[in-house]
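See structure below.
Derivation of every value follows stated rules applied to the coordinates shown; laboratory data play no part. This structure is a prediction, so every number in the text was calculated from the model and none was measured. Please note: Cβ atoms are built from the backbone with ideal geometry, for glycine as well, and neighbour counts cover all protein chains shown.
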Amino acid sequence: MNGRNSGQPGFNAVPPADAHSRWRRWRRAVAAAVAIAAWALGQAAGAATQGAAIAPGPLLQAAQLQALLRDGASLRIVDLRDADTYAGGHLPGAVNAPYAAWRGDSDNPGRLLGVADFTRLVRSLGLHRDDRVVLVSQGGSPSDFGAPARVYWTLQWLGMRHLSILNGGMQAWRAAGLGGLQHAAPAIVPSHFQAHSDGAVLATRAQVLRLVDQPQASTVLLDARPPAFWQGRVKAPAALRPGTLAGAVDFNNLRWFPQGGGALPDASTLRSIARGLPPAEQRAAQTVSFCNTGHWAATNWFVLSQLLHRPDVRLYPGSMVDWSRHDEPMIHVPSRLDQLWAQLQQTWQAR
């Protein structure tokens with residue numbers, strides 16, 4: 001006896017009308033739930049893709065920054081040029097913080113200001129720890145790149161992580177034919193920024209002295225200055241003596257700019273240039289970058305740590321001016337007579 005003849009709904013039985021109606025409603029509900037789930041997943045994937053697209057890296061090209069601004073990305077732009085140049089035309093929404101405000105006084109320009117001083121400066125710019133900050137300079141020369149690189153390092157030392165540099169600065173922006181510049185300074189609401197200093201990016205004078213006194217094969221002291229400084233033939237005006245650190249490797253920061261100008265080349269070119277450093281099998285576990293005042297050295301630090309992702313790269317901010325003013329040991333120091341003659345030559349050439 002089958003289900004139809006017995007009155008019991010078997011496998012092939014036709015359900016009653018109310019059961020059939022419930023079955024259709026259940027199928028429609030399941031289909032709707034699947035559609036909603038698929039839509040939600042699509043929205044999440046789209047948002048993730050969009051977020052990835054607008055998240056700037058450490059180095060931004062002018063066209064990339066323009067696209068981010070056009071798409072309404074949440075960015076805080078800090079213009080490091082002097083106040084007059086800034087007033088002559090700056091990127092939309094950019095606040096002005098001249099590079100000199102981030103530096104020490106004239107007798108030791110590379111001196112690292114106190115955390116409280118930097119905290120006041122960052123708060124006055126309205127910056128928060130989690131803001132995405134883009135640093136902008138004039139960008140006309142390799143040396144000019146050192147300004148945003150040094151401020152980038154400073155903000156990272158203070159605990160900020162979402163940082164970028166406009167490659168080539170305002171000169172690159174104009175060369176790309178991009179406009180939209182503003183002249184009025186935006187209103188700033190001071191922040192409540194709290195610094196969380198990161199000692200992993202800093203090399204203090206005491207730490208460098210230990211490395212000089214007790215050289216380690218796993219550490220490279222990287223002199224970012226032109227060779228004449230490393231050789232002791234010239235010195236920075238604020239330095240008391242020419243020369244360099246014992247064991248230092250000469251790696252002029254100008255090497256990163258093979259075409260001249262103030263913009264870094266592509267990543268593959270940078271990797272090729274970096275082959276001039278110790279070979280991979282002898283690669284340092286730690287690199288300390290220095291120069292005269294931590295300006296050129298900041299470029300070496302930025303490229304090696306932020307773009308090429310070498311581990312444990314540190315900056316000695318005071319560099320050789322700070323070092324010489326504390327009468328620390330140096331090599332390639334010429335005799336007194338040679339120093340006097342070099343000083344006379346420098347003075348004559350400066351006329």
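Counting beta carbons within 10 Å around each of Trp296, Trp230 and listing the fewest first gives the order Trp230, Trp296.
Per-peptide packing, taken as the mean over residues of other Cβ atoms within 10 Å, places 310-321, 266-277, 133-144, 85-96 in the sequence 310-321, 133-144, 85-96, 266-277 from highest down.
Peptides 171-180, 220-229, 233-242, 149-158, ordered by how many other C-beta atoms sit within 10 Å of their residues on average, highest first, read 149-158, 220-229, 233-242, 171-180. Mean separation of Cα pairs under 8 Å and 6 or more residues apart, divided by the residue count, gives the stretch 202-350 a relative contact order of 32 percent. Using a simple spin-label model with pseudo-atoms 7 Å out from Cα toward Cβ, Asp198 and Ser124 lie 2.5 nm apart. Net length available on complete extension from Ala101 to Ser141 is 12.4 nm, with 0.36 nm assigned per residue and the Cα-Cα distance removed. How much of the DSSP bridge set in the stretch 202-350 is antiparallel, in percent, rounded to the nearest 5? Expressed as a percentage, antiparallel bridges in the stretch 202-350 total about 10. Inter-label distance, Thr269 to Ile188: 3.4 nm, where each label sits 7 Å from its Cα along the C-beta direction.
Taking all C-alpha pairs of the stretch 202-350, those more than 20 Å from each other amount to 48 percent. For the pair Leu254 and His326 in one chain, pulling the backbone fully straight at 0.36 nm per residue adds 23.1 nm over the alpha carbon distance. Its Cα gyration tensor gives the stretch 59-198 an equivalent ellipsoid. The semi-axes, each the square root of 5 times an eigenvalue, are 23, 17, 14 Å from largest down.
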